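Undergrad: Here it is, the structure, as structure tokens.
The values are calculated or read from the model by the stated rules, or taken from the named source; none is laboratory data. Predicted, not measured: the structure shown is a model, and the values here were computed from it. Ideal geometry is used to build each Cβ from the backbone, glycine not excepted, and the neighbour counts take in all protein chains shown. The area values use the complete protein model at the heavy-atom level, side chains included, leaving out ligands, DNA and RNA. Shrake-Rupley method; radii C 1.70, N 1.55, O 1.52, S 1.80 Å.
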Amino acid sequence: MTPFFIDTHCHLFDEQFDSDIEATISRALDAGVGMFLLPNIDVKTIPDLLIIADKYPGLCLPMMGLHPCSVFADYKDTLDTIYKEFNSRKFIAVGEIGLDYFWDVSYKEQQIEAFKMQLNWAIEMNLPVAIHTRNSFEDAISIVEQYQQKGLRGVFHCFSGSIEDAQRIIASGFYLGIGGVVTFKNGGLDNVLAEIPLTHMILETDAPYLAPVPFRGKRNEPAYIPLIAQKLAEINGIDSNKIAEITSANARNLFGVE
């Protein structure tokens, strides 16, 4: 049986793929990765995102949202522009949204406000969310927990936290997005995921970032999803085809894709 993987978070519209996007997608398809979910970053990335989505319909499915690292003083105007995109076409999720305190906390309050506004969009439009957190998990999960009774659903992408973090995410009805970090030696994520049922996980690359071992430090791409699946298979003592089956079913369930 040929596995069918879904890369639930990849930036194929990034300029790093400009010269070989067709070859990148071809390699992924050959590796059994048959669908690519594309989170937006900001207003500037929308045209490139939609070009890729239109070039590969049914394969590259776009999300729409404002990344926390693109939240500045004018965030309300930016969100107005991004919100209008939902009137022009179908998006599978509100993303990539969240909180990032790693580089700069001077717009922390604006990030929180933008995050809440976009969570409200998701509830209003009955869409899942793709959440980015860095040095900000406690704030992000606390906000998500406040929305729990409103039907909010989604994924904490690029999960790399503790068992307690995972349990709070799952209790909120969210999935864990598992990427290349699980393959990193001494990362410790493998020990955490050994305690978590696969029914709560979806696979992602975050390409072109965070390539799995043995490509760590190089450009990431969706064709490397099987390396992430193989690590999860080792952790769980099962075949990687089973990982494909379970995680792709989870992704279909969350994002409503076929």
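Undergrad: Give the share of C-alpha pairs in each 10 angstrom bin for the range 48-118, from 0 to the last occupied bin, in whole percents, shortest bins first.
TA: 20, 46, 26, 8
Undergrad: Order these peptides, 86-95, 130-139, by their mean beta-carbon neighbour count within 10 angstrom, highest first.
TA: By packing density, highest mean first, the sequence is 130-139, 86-95.
Undergrad: Please report the Cα spread of the chain along all three principal axes, rounded to whole Å, starting with the longest.
TA: Per principal axis, max minus min of the Cα coordinates gives 47, 41, 32 Å.
Undergrad: Also, I was wondering about something else. Using +1 on the beta carbon of Lys and Arg, -1 on that of Asp and Glu, and nothing else charged, what's the dipole of the range 1-139 about the Cα centre, debye to 20?
TA: Dipole size: approximately 400 debye.
Undergrad: Let me make sure I get this right: for the range 219-258, a, b and c are the square roots of the gyration tensor eigenvalues over alpha carbons, sorted descending. Under 1.5 in a/c it's rounded, otherwise prolate if a/b > b/c, else oblate. Which is it?
TA: oblate
Undergrad: May I ask you to give the solvent-accessible area per residue for the range 92-137, in square angstrom, as obtained with a 1.4 angstrom probe?
TA: On a per-residue basis, the range 92-137 sits at 41 Å².
Undergrad: OK, next. By a straight-distance test (C-alpha under 17 Å), which lysines pair with LYS55 as possible cross-link partners, with residues fewer than eight away in the same chain excluded?
TA: LYS55 reaches LYS90.
Undergrad: Now for a different question. Amide H to amide H, which residues 5 or more places from THR205 or on other chains are under 5 Å from it, using H placed in the peptide plane?
TA: THR8, HIS9
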